Amino acid sequence: MTTTPSSAAGEPVVDSALAADHGLTGEEFGGLCDLLGRSPTCTELGIASALYSEHCSYKSSKIHLRRFPTRSRRVVHGPGENAGVVDIGHGWVAAFKMESHNHPSFIEPYQGAATGVGGILRDVFTMGARPIACLDSLRFGEIDGERGARMRHLVDGVVRGIGDYGNCVGIPTVGGETGFHRSYNGNILVNAFALGVCREDRIFTATASGAGNPILYAGSRTGRDGIHGATMASEAFDAESEAKRPTVQVGDPFTEKVLLEASLEAMRSGVVLGVQDMGAAGLTSSCFEMAARGGAGVDIDLDLVPLREASLTPYEIMLSESQERMVFVTQRGQEEAVVEILSRWGLEASKIGRVTDSGRARLTFRGRTVADMPVEPLVDGAPVYDRPAAPPADLRERQRVVDCEAPEDPLRALRSLLGTPELGDKTWIHRQYDSTVRSNTIVGPGSDAAVLRLKGTPSALALTSDVNPSYCWLEPRMGGRQAVAEAVRNLATVGAEPVGMTNCLNFGSPENPAIAWQLRECIEGMAEACRAFDVPVISGNVSLYNETEGEAVHPTPTVAIVGVIDRLEDIGAEGDLHLVLGCGFWRPGDRVVLLGCDSGEYGGSAYQRLLQRVEAGRPPAVDLEAEAALCALLRQSRRAGWLSGCHDLADGGLLLALAECAMARGIGLRGAVGCGPLALFSESQARAIVTVPAARTEELLAAAEARGVAAREVGDVGGDRLVLDFEGGTVDSAIGDLRRVWTEALPRAVG
Amino acid sequence: MKCGIVVFPGSNCDHDVYHVLSHVLEQETTFLWHQETSLEGCELVVLPGGFSYGDYLRAGSMAAHSPIMAAVRRHAEAGGRVLGICNGFQMLLETGLLPGAMRRNRDLRFLSVDVHLRVERDDLAWCSGYRRGDVLRMPVAHAEGNYVDTGEALDELERRGQVVFRYVNGAGRREPAANLNGSERAIAGICNAGGNVLGLMPHPERCAEEMLGNRDGLGLLAGAVAGGGRLGALAAAGG
């Protein structure tokens, strides 16, 4: 059939003005016309605008993302698939990815966050992997007082949305992080991570191959929700953003759950060749990306797409982001087997087209060809920009060293920090998420790293997500390094070897050179750290244009790293695994040892930000060799079974870390450190607190010395008070008092 | 003992119960599809946790009308063992195999925490691994676990000794702060008059292995498969 495609009845005329409304530059529109050899139809314009959107094309970040190392002996699938896949041993692989749902969550927090979880779960199970864990990294603006009313509503909606979706599908949320900073007042961040596991020979990819093979559509019907969601997520907010509420998708976790079970069953049936979910840009990206991966073409009859209402136009059908939909490519003549499985789970499935060898996507609707476009040039040949980048004009001002005043009373300072939503206990959030379903959770939310056993193997997986946006704002390269270093350190506290990383890069508009510079520098810092720790980046997501009326969020490159503990048995020598792997004191008489050195670093620290109300200077330096030595020591000590507990030093510094260890189980510490009151709050990196039975202290200290890690005994676990002598005084508090301040902080703030 | 776990669309604790029954307790265990009408000779039937049919309408209400539930009812009425955990407990209430109903939790939020339970009966096979007054720690994960019934019905339930587990503090005492979902009389689990049908909101299958740091739930599942044969006799023998 060689009909020239034409717009459907009633669709507007395509010209450069309409193209501009779709976010295409004059140059991009011109390129599209050249590519087609004619003016695009309305449907084609919609398709191109979605594929060229920042969200789908990574056009502003692609050149920087190439800096990441993506290979290791464990990597099975790197970036480019729905989720990256790594070998975790014993014949198992893990598929994982993190993705943002920032824009929709700000406009409609409950549905925005819920569909964020739904989307990332589909990314994992389309790989053939059964999801077993989620993490969520959330950033909100100021929630105090009258000005915080809207933000409190967002916190409540996002937490309920994540909970209701993940809980219903039955995937435990085992960790994550939640931060508050005024830079998120106009743009919150919702980054959802999911991990699944499967046998190594059961992995699927999203590939359309074999001319003549049928394409099946499965799951929910297509409606008008979410049209141009991907484009919305590629724009800054303005005064009219509220009007975009209808572009937010609506999720149905029950359909997701049956789609998950039905899809995994269909993939086990042996007749499925490729699977792709319909996420951002819906049917458009699933068809084009599957065809591009297989070097194939597709013919789709849009009249066969199941619709919620008959009046949808081809443009709307192609751009709808209705949730819980999948595309399957099966062996020719075998589609009925898949349809039968799906219908047993109560799901609709219909054949909507077939794979071709034309290299083109041909879409028909009511007897008319509405699109006929080459696949590969649109997907892989989308524009790539090397945007001008330059340090922000006020960088010098930001990095100007400000003297930090020593606290008159460190205990009062500690209590003030514990009482902030930022550092307060996050149980109010965690207890709205099912963290124990699937019965693998050894260490759940609220610890340095979550630990999940891997049934049928002697191993466990450890997961963490980290980033310090203040560090990234002050010095993006150091901040990027620190995010990776902290995640690797968190894994080392439980004895896990990092095997792969995913990330979510949340920035403002890349068209602003200062933001483009932040992006480039953060990525460079992350890449340096990845190389130093030999951690490949296997998947990820970029969310740009997180700004409102010119105010961008702090650069927030959220990092999630997965680690493997080869033999859990070794680690539990000193007691129950959940005690030993958690980060709290539990056994009176254990020695407390501080590993690493302090250099008195306060730039971007919690003490500086939250108590001195300043955000300035340079963030703590990240010495990658020192980090690697510390992590190697921690893993060695875990494997040897010496440790009864471990907690890394992060936001808030030494005193806060000790308080967290004491508050975990209400068991205290009597100890002494040789530093002044201010250094109790320094955030120098590459440090951790470990507890060891007294008989093991010598071995630990010797191992530390051999690795060049400074180690000093700080005191003994016991009692119900935190008592710490420092140069010039003593911190002495009942743990119950600290706990009260800490646990009440967040519930009080969210009202 | 042959065990069957009913799988409804939306069940999500089915694999967890299977793991404990099959791999920890080494029982012959099978999944039963909700559209089947036979229990395939299973002596213990488990209605697992999850969100059957999305919990649309009311938690457990649509599952109560699944084809297999007629067979489950016959099994229960004949004295066979039926265990409903979380969503399964909600289904037992919806089918009328157990009395009462569930409201949303007191603070209207999903609740995922470890709670303490006091064992109120030890004369049932289910509790053969516990003693009356034992305090167990178990996770709960639900949005609708706030048990309610009329005052007279609750009195009757108490009089017949059908309250099997109550929410208590770590010391085994009832207090409002320990009854997080707000259940009447701190009820966490009940049985029918015959003692062969048990429903509870906490999840024993999530705390049945040393590796997960808590084995308090193993006793209940071990009790569920203990002895075999007719449970009515055991219950009667216990009083």
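Every number here is computed from the coordinates shown, using simple stated rules; none is lab data. Every value quoted in this text rests on a predicted model; they were computed, and no experiment measured them. Every residue, glycine among them, receives a Cβ derived from its backbone with ideal geometry; neighbour counts consider all protein chains shown.
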Simple SL model, points at 7 angstrom along Cα→Cβ for B:E158 and A:V384; separation in nm is 7.4 nm
With the 8 Å Cα cutoff and a minimum separation of six or more residues, chain A has a relative contact order in percent of 15 percent
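Evaluate E = 1/(1 + (r/R0)^6) for B:V24 and A:R740, where r is the Cβ-Cβ distance and R0 equals 30 Å; express this FRET efficiency to the nearest 0.05.
Working: r = 39 Å, r/R0 = 1.31.
Between B:V24 and A:R740 the formula returns 0.15.
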In Hz, Karplus ³J(HN,Hα) per residue of segment A:122-129 (6.51, -1.76, 1.60; θ = phi - 60°; x = Gly, Pro): 5, 4, 7, 7, 5, 7, x, 9
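From the square roots a ≥ b ≥ c of the eigenvalues of the alpha-carbon gyration tensor of the protein assembly as shown, which class results: rounded (a/c under 1.5), prolate (a/b over b/c), or oblate?
On the way: a/c = 1.81, a/b = 1.07, b/c = 1.68.
Cα axes put the protein assembly as shown in the oblate bin.
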Label point 7 Å beyond Cα of A:C33 along Cβ direction - residues of segment A:360-377 with amide nitrogen under 20 Å: A:371-374
Rounded to whole Å, give me the distance from the Cα center of segment B:160-230 to that of segment A:386-419. 51 Å
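Given the -39500 (n - 2.57) contribution per DSSP H run of 4+ residues, what per-residue ellipticity at 222 nm results for chain A, rounded to the nearest 500 deg cm²/dmol? Walk me through the numbers on the way to the answer.
Working: 26 runs with 260 residues, N = 751.
The per-residue figure over chain A is -10000 deg cm²/dmol.
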For segment A:17-80 versus segment A:532-564, the gap between their alpha-carbon centres in whole angstrom: 20 Å
I need A:D123, A:D225, A:D737, A:D34 ordered by Cβ neighbour count within 10 Å, fewest first. A:D34, A:D737, A:D225, A:D123
How much length, in nm to one decimal, is gained on full extension between A:D725 and A:D394, taken as 0.36 nm per residue of separation minus their Cα-Cα distance? 115.1 nm
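Net charge near A:W92, counting Lys/Arg +1 and Asp/Glu -1 over other residues with Cβ under 13 Å of its Cβ? Please report the intermediate quantities before stating the final value.
On the way: positive: A:R74, A:R130, A:R199, A:R202, A:R453, A:K455; negative: A:D87, A:E200, A:D201, A:D566.
Every neighbour counted, the sum reads +2.
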Normalised by the empirical 2.2 N^0.38 Å for globular proteins, what value does the Cα Rg of segment B:3-238 take? 0.91
Using θ = phi - 60° and Karplus 6.51 cos²θ - 1.76 cosθ + 1.60, couplings along segment A:210-220 (whole Hz; Gly, Pro as x): x, 4, x, 5, x, 10, 9, 9, 9, x, 4
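I'd like the FRET efficiency for A:E511 and A:R748, computed as 1/(1 + (r/R0)^6) with the beta carbon distance as r and R0 of 51 Å, rounded to 0.05.
Details: r = 40 Å, r/R0 = 0.79.
Efficiency computed from Cβ-Cβ geometry: 0.80.
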What's the magnitude of the charge dipole for segment B:3-238 around its Cα centre, counting Lys and Arg as +1 and Asp and Glu as -1 at the beta-carbon? Answer in Debye, nearest 20. 540 debye
Simple spin-label estimate for A:R707 and B:R104 in nanometres, 7 Å along Cα-Cβ: 5.0 nm
Measure off 7 Å from each Cα along the Cα-to-Cβ vector at A:T4 and B:E210, then give the distance between these two points in nanometres to one decimal. 7.9 nm
A:A8 long-range amide H proximity, modeled H, under 5 Å: A:C42, A:T43
Number of partner chain Cβ atoms within 10 Å, mean per residue of A:428-437: 6
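Report relative contact order for segment B:3-238 in percent, whole number only (criteria: Cα-Cα under 8 Å, sequence separation at least 6).
Working: 553 pairs, mean separation 48.2, N = 236.
Rounded, it is 20 percent for segment B:3-238.
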Around A:M98, which amide H atoms from residues at least 5 apart in sequence, or from another chain, sit under 5 Å from its own amide H, with H modelled in the peptide plane? A:N503, A:G540
Report, in debye and to the nearest 20, how large the dipole of segment A:247-357 comes out about its Cα centre when Lys and Arg carry +1 and Asp and Glu carry -1 on their Cβ. 260 debye
Check which residues have an amide H placed less than 5 Å from A:V250's amide H, if you skip close sequence neighbours. A:Q323
Could you pull out the pairs from A:K62/A:K97; A:K97/A:K426; A:K257/A:K455; A:K59/A:K97; A:K59/A:K426; A:K455/B:K2 whose alpha carbons sit more than 26 Å apart here? A:K59/A:K426
Rounded to whole Hz, the Karplus (6.51, -1.76, 1.60) HN-Hα couplings of segment A:594-600, x for glycine and proline: 9, 9, x, 10, 9, 10, x
For segment B:1-99, report the convex hull volume of the alpha-carbon atoms normalised per residue, in Å³, without decimals. 79 Å³
Please find the FRET efficiency linking A:D303 to A:R332, where r is the Cβ-Cβ separation and R0 is fixed at 22 Å, and quote it to the nearest 0.05. 0.55
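Rounded, prolate or oblate, given the Cα gyration tensor of segment A:592-726, with a/c below 1.5 counting as rounded?
On the way: a/c = 2.12, a/b = 1.27, b/c = 1.67.
Since a/c reaches 1.5 but b/c is at least a/b, the shape of segment A:592-726 is classed as oblate.
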Test item: A:44-55 mean partner chain Cβ contacts at 10 Å: 0
Sequence-separation-based contact order of segment A:587-707, relative, with Cα cut under 8 Å and 6+ spacing, percent: 45 percent
